[in-house]
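**Q** Submitted below is the structure of interest, expressed as structure tokens.
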Amino acid sequence: MIKPKRTIVAESRRPAKADPLPRAPAAPQPLVGAQFVTGAAQASQLPPPGVPEIAFAGRSNAGKSSAINALAARTRLAFASRTPGRTQQINLFALRGGALVVDLPGYGYAAVAKDVKRGWQDFLWDYLTTRPTLAALVLLVDARHGLKPPDRDVLGEFVPSGRPVLVLATKADKLNTTEQRAAEAGIKAEIERMFPLGAANVAVQLFSATTRRGVTEANAAIAAWVPDAPAP
Ligand code: GDP
């Protein structure tokens, strides 16, 4: 008698290898690793227009240097200085993705002599209004004070061009929650009044270099404007 062949089908008891959990993409930090390229004290010292540029502008003391440093996770990227001669130049930094960050001198520096100041405002203004590679603007505004006339001038020139603007309402840590909400809503409402058609291109973000409030959001907004960079 021929024994029927027994086929033993062993069921594997080993659990299937679990798929690795999809890793959340790292939050972008486009300014991390930025390298100083050059400083320009006059238009002729600017590099020829090339890659896209993102300008940081604001009134003196608005918190621009602190914000740039917070975004770059550095202590000395923006050459924060109390000496007018050192802050009165346009400083350019290359991002890892190739774009440039342009740190504009704070406007309304009371300590600068009138004629020098006039020249400076002209240089700043020319850069903001005529630079063909200027792709986007980060405008620093002290959350406690809101938009001031020179900020409105800059926005008035920039927003109708359709290029995006990120307004960082700085030093938010100096306000309580109710005041923060009011500050943000006040800036937004004013921008909507000024630019019924262009307001969609202007984002307003509460920001604090001290507490790092708004750093992630600002990084995400800036990252959307610049070419992809390798992770820092
Ligand atoms: P800039 O002239 O626009 O570059 O302004 P700075 O970054 O030099 O800041 C001006 C002053 O505001 C300095 O005394 C900073 O320490 C202070 N400051 C800047 N950012 C903040 C912030 O987020 N919170 C607080 N409490 N102070 C800040």
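**Q** Of all the Cα-Cα pairs you can form in region 35-223, what percent are over 26 Å apart?
**A** 26
**Q** What does the charge add up to near Q180, with Lys and Arg as +1, Asp and Glu as -1, over the other residues with Cβ less than 11 Å from its Cβ?
**A** +2
**Q** If the cut-off is a Cα-Cα distance under 16 Å, which aspartates and glutamates reach K171, setting aside same-chain residues fewer than 8 apart in sequence?
**A** Excluding near neighbours in sequence, the set is D142, E179, E184, E217.
Coordinate-derived values only; no laboratory data. Fair warning: this is a prediction, and the values are worked out from it, not measured in the lab. Cβ sites come from the backbone with ideal geometry, for glycine too, and all protein chains shown count toward neighbours.
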